[in-house]
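The values are calculated or read from the model by the stated rules, or taken from the named source; none is laboratory data. Bear in mind the structure is a predicted one, so any value in this text is a computation, not a measurement. Methodologically, a virtual Cβ is constructed for each residue, glycine included, from the backbone with ideal geometry; neighbour enumeration extends over all protein chains shown.
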Amino acid sequence: MIKKDEFLNQVRDRFANPLFLSFIFSWIVINWKITVALVWYDNVQIKNEGYISVYDFISKNLNSCDAIWVPLGMACAYTIGYPFVRSIIQAIQSLAFRFGEFLDYKVLKGSKIDMNKYLKLKEEYTSKAQKLHSLINEESENIEKIRELNDKNAQLQDSLNQSKMTLNNLNEKEVKSKNMSMLNGYWHNNFSGTGGRGKETVNILNHMYLVYSDEGYSQKYTLIHFQYDETNNRVFFIKQTSDADMRKDPSQPRYLINDLRFDGLDLVGTENGNDIRYVKKVD
């Protein structure tokens, strides 16, 4: 069902159509007698003209040519021809305007400028000067903002570089703290505690810890949980007795905890609470 607003919009569109309006206007002009009879209807006048009624008057004065074809032709001619006519009129007006400017130039050539024209030009100059001043101020503000952004960007870049350096240092410390290769080599192990005193030669190769007696290799350990504290120059690791050695002597401890610190090239500290000193063997 068509709504009221849609219906009114469609009616408005029909009446706004140039062809429709041209047809209505042409029909009224051509059939002016019928229009007058309908608008100023007078029954006496109709009968004086020899017609029985207004309907008789319309039927005898209306024909298909005047009612349809002539108004339709005039409407089509107006609708199609008017844009061309309007363009021609505009072209003539433009030509006349340019010709008038040409005459003004010829007449005023060498003479002083008209006061009204001077005031108009001065007003235009003042307006453009103000716009230029505003643009210069805006450009200065933008340049200042760009400078501030560049400064902030430089500060952020410096902060980022410092953060990267800090991160790299931490990574290096982390790698170094896990780097067991610093213990690689031969050491003379001097220990003393509740079990007595002793001395042995050890060879450390990454995770492998070998103890040598006078007769040669005697015991094997595995180093686990190695940690190096560079700030305090301390070393921590756990010696894990091999399965084979545990089977030989089940009474020996499975894990030996070493908490040491560097004393020059030596390592000094405790192993399961007993004093121990590792002396680096230098070739």
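The table that follows gives values for the structure above.
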read-out	value
Segment 57-81 residues that are assigned by TED's automatic domain parsing to the domain that holds LYS33 and at pLDDT 75 or above, paired with ones that are in a helix (DSSP H, G or I) and hydroxyl-bearing (Ser, Thr, Tyr) (beta carbon under 6 Å, 6 or more apart)	MET74/SER26; TYR78/SER22; THR79/SER22
Residues of segment 211-255 that turn out to be in contact (Cβ under 8 Å) with a residue 40 or more places away in the chain, assigned to a strand (DSSP E or B) and of a type outside the set (A, V, I, L, M, F, W, C), as a count	3
The lone exception for PHE97 - which of (1) of a type in the set (A, V, I, L, M, F, W, C); (2) loosely packed, with under 12 Cβ neighbours inside 10 Å; (3) farther than 22 Å from PHE25 by Cα; (4) in the same structural domain as PRO18 (by TED's automatic domain parsing) it fails	(4)
Matching residues, segment 220-243, being closer than 18 Å to ARG277 by Cα and of a type in the set (Lys, Arg)	ARG234, LYS239
Failed item in (1) in a strand (DSSP E or B); (2) modelled with pLDDT under 90, with VAL268 passing the rest	(2)
Matching option when the condition is small (Gly, Ala, Ser) and out of contact with any strand residue (DSSP E or B) (no Cβ under 6 Å at 6 or more places or on another chain), among SER242, SER251	SER251
Filter result for SER159 (part of a helix (DSSP H, G or I), at pLDDT 80 or above, of a type in the set (Gly, Ala, Ser) and more than 30 Å from VAL282 (Cα to Cα))	yes
Among the candidates GLN227, GLN219, GLN240, residue that is polar (S, T, N, Q), surrounded by 13 or more Cβ atoms within 10 Å (Cβ to Cβ) and within 60 Å of the chain's Cα centre (by Cα)	GLN240
